[in-house]
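The next block holds one structure in the form of structure tokens; read it before the comments.
What follows is calculated from the coordinates using simple rules that are stated; it is not laboratory data. The structure presented is a predicted model; accordingly, all values stated were derived computationally and were not measured. A quick note on method: Cβ atoms are made from the backbone with ideal geometry, for glycine too, and the neighbour counts reach across all protein chains shown.
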């Protein structure tokens with residue numbers, strides 16, 4: 001038997017991908033604030049156009065931690 005990616009592997013991967021997508025959708029439906037948070041974050045990135053998005057994300061989300069302490 002060949003070790004290459006075969007039709008059974010593809011079907012298994014497709015099924016697992018579908019399961020993960022369904023779980024993610026359920027989570028997002030039960031946490032609508034996640035969509036709002038991500039929309040706000042993306043809007044802020046587009047407004048400020050930072051050169052280093054990872055640094056910007058760190059600063060952006062650190063502000064939430066400071067507000068809750």
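Extending 7 Å from Cα along the Cβ direction at residue 48 and again at residue 65 yields two label points whose distance is 1.5 nm.
Take the Cα of residue 5, step 7 Å toward its Cβ, do the same at residue 19, and the gap between the two points is 1.9 nm.
Against the chain, whose longest principal axis comes from its Cα atoms, helix 7-30 is set at around 30 degrees.
Which number comes out as Rg/Rh for the chain once both Rg and the Kirkwood Rh are worked out on C-alpha atoms? Walk me through the intermediate numbers first.
Working: Rg = 19.1 Å, Rh = 15.5 Å.
A ratio of 1.23.
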